[in-house]
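Here the structure is laid out as structure tokens; the discussion comes afterwards.
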Amino acid sequence: MKTVLITGSSTGIGRDTAIHFQQEGWNVAATMRRPENETELNQLENVQVLRLDATDRESIISAINTTIETFGSLDVVVNNAGYGLAGPLEAVTPDQLTRQYATNVFGPIYVMQAALPHFRAQKSGLFINISSIGGRLTLPLNSLYHGTKFALEGISEALNHELNPLGIRVKLVEPGGVKTDFAGRSLDLMSDPNITDYDEIVQKVFEAFRSPSRADDYSTGADIAEVIFTAATDGTGQIRYLAGNDAKQMWEQRSAITDQQYVELMAKNFGL
Ligand SMILES: NC(=O)c1ccc[n+]([C@@H]2O[C@H](COP(=O)([O-])OP(=O)(O)OC[C@H]3O[C@@H](n4cnc5c(N)ncnc54)[C@H](OP(=O)(O)O)[C@@H]3O)[C@@H](O)[C@H]2O)c1
């Protein structure tokens, strides 16, 4: 029986992924910041709910060790925990900047570092890092979030070169829009009341983001969980998995034009 550890399993993609793997007969370490609030996942057979805060290295090491002790193996690690930070970069506070990179970039690195001794010993293992279509292309007022996902993409692709000879793989799943808490409770906003030059840009861009029709093409967390499961089980060396029709369309459009044409397209789409 195979074992998967998933970060950020309290809601959204992580939670649906935990349920999907469990239904497929896997052992699941469903990790989250506040396991004491979980009432459902811990009722499922072969699921262990563990504390893991992506910004707390001790909790990462402890969750990985407990998973191996409990299930006797660890085959796949899904780095899913993450959140968005939006607004003008100039308004970011040091705490916001630190937390964004600590969660979306340093967290996955520490998780991989903690799992690697085990993966090396068994000469196999797979990391699936949840990036975003925003790890391939950018939208206005999301510079720092894109920065984290571009970083995760580069780290994952490069790391794969050094791990493949050891029997270990790294893959990326890149969702488009997903109907989760991502754009609600999880979203952090940068704004400085003393800087008004961005007000009109912020208003236009956020209005476009909030338009209800934008969500028509969004995937569900369960759709993304299916892609993650495919990445875990297809036995291929494929690195990137675009997830969702919107993500595939956006990439098709982006890859067909130059950087300069894309800048013009964004300006037109958002009225900038
Ligand atoms: N939704 C989208 O449109 C979308 C698109 C592309 C990529 N993604 C990526 O998909 C991943 C999951 O997001 P989602 O859409 O499922 O959003 P979500 O419902 O807001 O879930 C985010 C999860 O990350 C957890 N988390 C946040 N900070 C954490 C930390 N320090 N340690 C451990 N867990 C932490 C949250 O836990 P708490 O409950 O404790 O807050 C929650 O379980 C993220 O990496 C996101 O960047 C999402």
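The values are calculated or read from the model by the stated rules, or taken from the named source; none is laboratory data. All of these numbers come straight from a predicted model, not from anything done at the bench. Quick reminder, even Gly has a Cβ in these numbers, built from the backbone with ideal geometry, and neighbours come from all protein chains shown. Please note that ligands, DNA and RNA were not included when accessible areas were found on the heavy atoms of the full protein model with its side chains. Shrake-Rupley method; radii C 1.70, N 1.55, O 1.52, S 1.80 Å.
Before moving on, here are some points about what is shown:
- Hey, residue 158 farther than 22 Å from residue 74 by Cα, loosely packed, with under 15 Cβ neighbours inside 10 Å and either aliphatic (A, V, I, L, M) or in contact (Cβ under 8 Å) with a residue 12 or more places away in the chain (or both) or not: yes
- Checklist (1) within 21 Å of the chain's Cα centre (by Cα); (2) assigned to a loop (DSSP other than H, G, I, E, B); (3) more than 26 Å from residue 229 (Cβ to Cβ) applied to residue 184, failing item: (3)
- Residue count for region 40-62 under the criterion of being touching a strand residue (DSSP E or B) at 6+ places or on another chain (Cβ under 7 Å) and among the acidic types (Asp, Glu): the result is 0.
- Taking (1) within 16 Å of the ligand (Cβ to nearest atom); (2) open to solvent by less than 60 Å² (accessible area, probe 1.4 Å); (3) of a type in the set (S, T, N, Q) in turn, residue 98 satisfies each apart from (2).
- One residue stands out in region 226-272 among those that are in contact with a strand residue (DSSP E or B) (Cβ under 8 Å, 6 or more places away or on another chain) and of a type in the set (Val, Ile, Thr): the one that is surrounded by the most Cβ atoms within 10 Å (Cβ to Cβ), namely 228.
- Selected residue (criterion: nearest to residue 61 (Cα to Cα)) from residues of region 113-132 that are open to solvent by 10 Å² or more (accessible area, probe 1.4 Å) and assigned to a helix (DSSP H, G or I): 114
- Per-region count, region 191-225, residues over 30 Å from residue 6 (Cβ atoms), open to solvent by 70 Å² or more (accessible area, probe 1.4 Å) and of a type in the set (D, E, K, R): 5
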